[in-house]
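Have a look at the structure below, then the notes.
The values are calculated or read from the model by the stated rules, or taken from the named source; none is laboratory data. Quantities reported herein were computed from a predicted structural model and do not represent experimental measurements. Methodologically, a virtual Cβ is constructed for each residue, glycine included, from the backbone with ideal geometry; neighbour enumeration extends over all protein chains shown. In case anyone asks, the SASA skips ligands and DNA or RNA and just uses the protein heavy atoms, side chains included. Shrake-Rupley method; radii C 1.70, N 1.55, O 1.52, S 1.80 Å.
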Amino acid sequence: MDNTQKPAWKLAIRAILFVFIFALLFFWVSYLLRPVDIYRETVTGYYAEPNNSLDMVFVGGSVCFKSWAPLVAWDTHGFTSYDFATDALPPQLIRYYVAETLKSQSPVLLLIDLRPFEFGDKTFERGIKYMHREAALRRGIDSFSYSFNRLDMINSSVPKNYPRLQYVFDIAKYHTNIDKLTADNLRYSFNRWPSPTKGFTILTEHMEAVRYDYADITETKALSETMETLLRELLIYLQGIKSIQVLFIVTPYSLYVAEDQMLHNEMARLVREYGFDYLDCNGLYDEIGLDFAVDYYDNSHVNVAGALKFTRFLAAYLAARYALPDRRNDPAYETWQRASERFATELGEALSLLQENIGSEGYIDAP
Amino acid sequence: MNLISLQFLVFCIALLVLYYLVPKRFQWWLLLLGSAVFFLLTGTPYTIIYLLISIVSAWLAGRYIQTQNNRRRKRAVFIAEIILNVGMLAALKYTNFLLSTTESLVNLFGANLSLGTVSWVSAIGISFYTLQVVGYLCDVYWGISQAQRNPFKFALFVSYFPQISSGPISRYHQLEELLFAGHGFDHKTVTFGLQRMLWGFFKKLVIAERLTAFVNSVYGAPHTYQGAYIWLGTVAFLIQLYADFSGNMDIVLGLSESLGIRLTENFRAPLFARNVQAFWQRWHITLGAWFKDYVMFPILRSRAWAKMGRRLKTRFGKNTARRIPAWLGMLVLWVGIGIWHGNGWQFIFQGLWFFCIIVLGQLCAPLFDTLRRKLCIREKSFIWHLFQSLRTCLLFAVGLVFFRAQSLNHAFGMLFSAVTVFNPGAIFSVQTLALLGGWENLRIVLPAIALLLFVDVLHARGNSLRAWAARQNIALRWVLYYALLFAVLLFGMYGGGYSPGEFIYGGF
């Protein structure tokens, strides 16, 4: 009974220390139990990047990490970038991804994927249900490290009738993973582990996609009220960040209808209204060099071959318009060079695999 | 506000901090406020009116009984107040039972009566606080306690939030001093209380909830699961109920202890009792004690019983004259306990089962003793104790079939199936394993049950684990606390689409 007579301040310090150690263990165990998949790897890889080491960050949905290969851009133009994104990211989460980005990085350029707004507009009762799909919310939120930004994201993005506390303390959902722990879980138990591809996911399957050209459509179609409000909120939020340039982008995809182009035109109008840059790649298939017979993984995403072409095109586009530095000769970025060399090998294997998948019906116009 | 929720934990921590920050003379006011908030957030808010009626009427009646010299008036007010409180409980909880029973009885004679049902919402904990109020009135009437002068203090006694929803059933004279006295912060008291709460969460989330699915499956489909399934399901229910209710009590008593208010214990390692009577002296102790003190003993002391005893003595001798009135008093007690547990015939039969087992136990005690001696088993041997404890647990578990089954027919059907269908292989079948949640569940729940029994053994031998832990160095102590905390967090059944059920005794 060593502490019954202890002074109050000693007991208070002990209590604080006990809670502090508990919190540390709690966070560690929470991270340990979270599932390890490509979405989490993308986020934890971002946390593992050294502070202020990225020149460009691509924020958005799955098109980011399936289209943009940061190590290809490094190889061709020498700037560092990262795909800070997750699959089917609900549009209301984008601003929190941006906030998370800016906590540890001060990139020259932020690339924002606009397709979450387009998806939100087109599907599930024009946005509300799309925004509140539990799986997408979980994917978007659960990989984040514990922080006030994460708390804000949950408070503003998760409907009140959802068990919000189980989002805040995701151990409530994932504690049953205790039976399924692997060495991977241990690696990710601090919620930071380098992504060898800088967030990029290699896709080696293909589908024959159909090409539509609607670039000449100039009419606009109003976004749903929900999506327009969200986009405006994001634009206003970004306006408050003076130090960074922002480019809003629509990546190239198939199953592209005239109405989509009208939505893109409307989004372009809104984006420009707030003084930001906009790029719709669906009018630039030839400039990118996309072959719809081999470069697509599905209707929404390019495969590794398409990503290679898209990255080269976009890297050149960005390098020409923004002050993105070439760091290839900077010894401080030697790790990027090594990563690029490893990635080149992986890329070669992936392209061969893709070629095998395509068979004799087509060929990859790869380097 | 479920006791198994983060809201409740936050509520408790906030209250605990405030409790030790406010001046001591305001502490009981804070508890009263906390109790009101808890009541309003937990149950249906308008049912607070039932609670208020009980509080106001019992306070007035208590004051009147205390100050009135006229015995007849005193008695009239006392009886009226008892009728009001018990009547309110009966109306809110047993009206449908009465309607359906009347309907069935009348229809036995060929009528086609349909009385329908009522859907009155009763206040949370009405079965518990009504007994407290009745106990208080009896104590005042009998002169055991002084009536409380302050209506707000009396309101706190009735509605004290840790115990209102599931007990223990406190006596006014035991709680009075602790409840209204100021309590300074005492590290040991607070930490011991919190540790006990944590142990309660472990019992509920790691043991009781992990057995819920299996018990629900067996009791939900008694025609599918027969014979050995029923035995296994019933033993599982005994463990589930014990972990659930005693876990509930650990949370309640732990919380109260951390506020400096020690409530009466409700469990004392019942699974190690050697006969059913002793089991009930260790299981839901305050309920049994209440019925003894306020129902059975007054009956045994009554003139009618004394008269019956005298008549029996002249006809059948001293031994019978002593036993029969006592057994009849016990019969009333067990029927009362049965009715208190629920509004169905199965609960009355549950009471009758325990009554019969206790009486048979008393009658057969010499027989068992002879048998033991012939088998050359020492009375204090481990084997004999083990046999007695297992026998007691089994007999108690059979009684629980009435408690858990959906109806009396179901209960009898299950008991019939349990003794007529011989399928011991089912216990080890793949289906049983699947029902129990597979090895993934068993490898957590079995060690947890072993830990529960180990702790109970220590308690039964008078060892306090908390006191032992407090004597260890800080590193070991904290490792133990963190281990228990994370055992609850990692192995508990909660979250991810799973909502832990309310405590089984929480809906009374």
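So that you can scan it fast, the table gives a plain yes or no per residue for (1) modelled with pLDDT of 90 or more; (2) of a type outside the set (Asp, Glu); (3) outside any helix (DSSP H, G or I); (4) surrounded by fewer than 18 Cβ atoms within 10 Å (Cβ to Cβ):
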site	(1), (2), (3), (4)
B:Leu390	yes, yes, no, yes
B:Leu394	yes, yes, no, yes
B:Val398	yes, yes, no, no
B:Val401	yes, yes, no, no
B:Gly413	yes, yes, no, yes
B:Ile427	no, yes, no, yes
Could you please let me know if B:Leu489 is at the interface with chain A (Cβ under 8 Å from one of its Cβ atoms) and out of contact with any Pro (no Cβ under 8 Å at 6 or more places or on another chain)?
yes
Has segment A:157-176 got at least one residue that is closer than 30 Å to A:Asn303 by Cα and of a type outside the set (Phe, Trp, Tyr)?
no
Do you know which residues across segment B:188-243 are open to solvent by 10 Å² or more (accessible area, probe 1.4 Å), in contact with a His (Cβ under 9 Å, 6 or more places away or on another chain) and away from chain A (no Cβ under 14 Å)?
B:Pro222
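Please work out if B:Ile251 is outside any helix (DSSP H, G or I), within 30 Å of B:Ala181 (Cβ to Cβ) and among the β-branched types (Val, Ile, Thr).
Values: outside any helix (DSSP H, G or I): no; within 30 Å of B:Ala181 (Cβ to Cβ): yes; among the β-branched types (Val, Ile, Thr): yes.
Answer is no for this residue.
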Flagged in segment A:221-243 as assigned to a loop (DSSP other than H, G, I, E, B) and buried (at least 17 other Cβ atoms within 10 Å of the Cβ), in numbering order, are A:Leu223, A:Ser224
Filter segment B:466-483 for residues that are open to solvent by 40 Å² or more (accessible area, probe 1.4 Å) and touching a residue at least 40 places away in the same chain (Cβ under 8 Å); which is farthest from the other protein chains (Cβ to nearest Cβ)?
B:Arg466
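Answer yes or no as to whether B:Phe78 is in contact (Cβ under 8 Å) with a residue 24 or more places away in the chain, farther than 19 Å from B:Cys138 by Cβ and in a helix (DSSP H, G or I).
On the way: in contact (Cβ under 8 Å) with a residue 24 or more places away in the chain: yes; farther than 19 Å from B:Cys138 by Cβ: no; in a helix (DSSP H, G or I): yes.
Criteria not met by B:Phe78.
Right, A:Ile154: more than 24 Å from A:Tyr46 (Cβ to Cβ), open to solvent by less than 60 Å² (accessible area, probe 1.4 Å) and out of contact with any strand residue (DSSP E or B) (no Cβ under 9 Å at 6 or more places or on another chain) or not? Talk me through it step by step, then tell me what you get.
On the way: more than 24 Å from A:Tyr46 (Cβ to Cβ): no; open to solvent by less than 60 Å² (accessible area, probe 1.4 Å): yes; out of contact with any strand residue (DSSP E or B) (no Cβ under 9 Å at 6 or more places or on another chain): yes.
In short, no.
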Output for Cβ contacts, cut-off 8 Å, separation at least six or different chains, first residue facing chain B (nearest Cβ under 7 Å) in segment A:162-180, second among the hydroxyl-bearing types (Ser, Thr, Tyr) and part of a helix (DSSP H, G or I), reads A:Ile171/A:Ser30
Checked B:Arg73, B:Arg149 against criteria (charged (D, E, K, R), surrounded by fewer than 20 Cβ atoms within 10 Å (Cβ to Cβ) and part of a helix (DSSP H, G or I)); the one match is B:Arg73
Determine if segment A:293-316 includes at least one residue that is modelled with pLDDT under 95, farther than 30 Å from A:Pro194 by Cα and over 22 Å from the mean Cα position of the chain (by Cα).
yes
Which number in (1) away from every other protein chain (no Cβ under 14 Å); (2) surrounded by 15 or more Cβ atoms within 10 Å (Cβ to Cβ); (3) without any contact (Cβ under 8 Å) to a residue 40 or more places away in the chain marks the one condition that A:Thr204 misses?
(3)
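In segment A:1-110, which helices (runs of 4 or more DSSP H) lie fully inside it and hold 2 or more residues that are away from chain B (no Cβ under 14 Å)?
Details: elements: A:8-33, A:38-48, A:62-67, A:70-77, A:94-104.
Per the criteria, A:38-48, A:62-67, A:70-77, A:94-104.
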